[in-house]
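Shown next, in C-alpha cells, is the structure this report addresses.
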Amino acid sequence: MKYLKNLLDFYIESSLHVALAVYALIRITFLKLNLPPDHSVAFFGFFGTIVGYNFIKYDELARVKKVKLNAMFKAIIGLSFISFFAALYCFLELKTRTKFVGFIALGITILYTLPIFPKKSNMRNWSGVKIYLVAIAWVAVTVFLPVLNAKYDFDTLILLKSIQRFLLVFVLMLLFEIIDLQVDVRSLETIPQKIGIPKTKALIYALLSLFIILDFLKENATEKHLLSTVFIASIISLFAFFADAKRNKYYTSFWVESVPLIWLLLLLFL
C-alpha cells in the first residue's frame, strides 16, 4: 500500500496528471471542432506542461536549496529533462504561427515563476492575479494551439470555445482555492478569501450554468457534445458542493484535475 501511495504521489508531484489533463483538453478541442488529431500539438501540450509546471513548482525551492535531493525529486528532475527534449522536438514540428503562441505560453510561465523586477515578487504572488493567469494560459495551449496549427479560421465558434474553456479552468481553480484556504497567505487575496466559501460555491454554480449555455449557442452542436457538457458540469458541481478547506490534497490534485480526462472519455465512448 505504501508503494502504491508513493507511486501516486510521484504521478501527481511530477505533474504527469495535470499534463494528461492538458492533453485531454487539446484532444477535446479536436473533437469539438471536427479537426484531425495532431499529435505534435497534443504531445507538445503534454510534455510542455510537465516542464512548465515542474519549473513553477520546484524552481524557487531548488534555488534556495530547501528541497532534499531524495529519490522522488531526482526522478522528477529526470522526467523534466526528458520532457524538455520531447517538448522541443514537438515544438519544432509546429507551424510558425503556432510556435508564436508557444512562446507566449513560455513567457507566462517565466513571468509566473521569476520576479520581473528586482526585489519584487513574481506574478504568482500578485494579489488576485494567479487564477486569471492560469486560465488564460490553459486557453492558449488547449484552444489556440490546435486551432492555429490546423489553420482553422478564428470565428464566433472559436470565441465561444475559448470563453467556455476559460470558464472551465477558472471554476476548477476556484475549487483549488477553496481547498487551499487554510494554507494560502492572506496577501494572495484569493476569491474564497475575499467573499467566503458559500459565495464562491454560488459563483461556481453560476459560471457552470454559463458554461452549459455556451454549448447550446453553438451551431450544429451534437447531442453527444451537449450531454457530455451537462454531465461534466454536474460532476464539477458535486465537487464544489463537497469542497471545503478540510479536504486533503488528493481531492483537487487528483480528482478535480481528472475532470478533463473524464470529459474526453465521455466524448470518445458515447
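The values are calculated or read from the model by the stated rules, or taken from the named source; none is laboratory data. All of these numbers come straight from a predicted model, not from anything done at the bench. Cβ coordinates were reconstructed from backbone atoms using ideal geometry, including for glycine residues, and neighbour counts include every protein chain displayed. For the accessible areas, the whole protein counts, side chains as well, though only heavy atoms, and no ligand, DNA or RNA atoms are used. Shrake-Rupley method; radii C 1.70, N 1.55, O 1.52, S 1.80 Å.
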message: Just the residues that are among the small types (Gly, Ala, Ser) and assigned to a helix (DSSP H, G or I), please, taken from region 1-55.
response: ALA19, ALA21, ALA24, SER40, ALA42, GLY45, GLY48, GLY52
statement: Residues of region 1-31 being within 21 Å of THR229 (Cβ to Cβ) and more than 18 Å from the chain's Cα centre (by Cα), in sequence order, are LEU31
task: Would you be able to say whether some residue in region 106-125 is modelled with pLDDT of 80 or more, open to solvent by 70 Å² or more (accessible area, probe 1.4 Å) and either in a loop (DSSP other than H, G, I, E, B) or not hydroxyl-bearing (Ser, Thr, Tyr) (or both)?
output: no
- request: Take region 157-168 and flag every residue that is over 14 Å from the mean Cα position of the chain (by Cα) and open to solvent by 20 Å² or more (accessible area, probe 1.4 Å).
  value: LEU157, LEU159, LEU160, ILE163
task: Determine whether region 161-176 contains at least one residue that is charged (D, E, K, R) and in contact with a Ser or Thr (Cβ under 8 Å, 6 or more places away or on another chain).
output: yes
query: So which of VAL171, VAL230 ends up being buried (at least 21 other Cβ atoms within 10 Å of the Cβ), in a helix (DSSP H, G or I) and of a type in the set (Val, Ile, Thr)?
result: VAL171
Selected residue (criterion: modelled with the highest pLDDT) from residues of region 85-98 that are in a helix (DSSP H, G or I) and buried (at least 17 other Cβ atoms within 10 Å of the Cβ): ALA86
- prompt: Among the residues of region 195-227 satisfying the criterion of being closer than 23 Å to TRP263 by Cβ and of a type in the set (Gly, Ala, Ser), which is surrounded by the most Cβ atoms within 10 Å (Cβ to Cβ)?
  reply: ALA221
- request: Scan region 174-194 for residues that are open to solvent by less than 50 Å² (accessible area, probe 1.4 Å), hydrophobic (A, V, I, L, M, F, W, C) and not in a helix (DSSP H, G or I) and jot them down.
  value: LEU181
query: In region 1-27, which residues are open to solvent by 30 Å² or more (accessible area, probe 1.4 Å) and among the acidic types (Asp, Glu)?
result: GLU13
- request: Name the single residue, out of those in region 28-77 being at pLDDT 90 or above and polar (S, T, N, Q), that is surrounded by the fewest Cβ atoms within 10 Å (Cβ to Cβ).
  value: SER40
message: For region 180-211, which positions are closer than 30 Å to LEU270 by Cβ and more than 19 Å from the chain's Cα centre (by Cα)?
response: LYS201, LEU203, TYR205, ALA206, SER209, LEU210
- request: Would you check if THR252 is open to solvent by less than 20 Å² (accessible area, probe 1.4 Å) and farther than 23 Å from LEU31 by Cβ?
  value: yes
task: Scan region 195-226 for residues that are assigned to a helix (DSSP H, G or I) and modelled with pLDDT under 90 and report the count.
output: 6
query: Somewhere in region 139-156, is a residue of a type outside the set (Asp, Glu), open to solvent by 10 Å² or more (accessible area, probe 1.4 Å), at negative phi and without any contact (Cβ under 8 Å) to a residue 12 or more places away in the chain?
result: yes
- line: Expected output for region 236-254 (first residue touching a residue at least 12 places away in the same chain (Cβ under 8 Å), partner polar (S, T, N, Q), Cβ below 7 Å, 6+ apart or cross-chain) is ALA245/GLN182
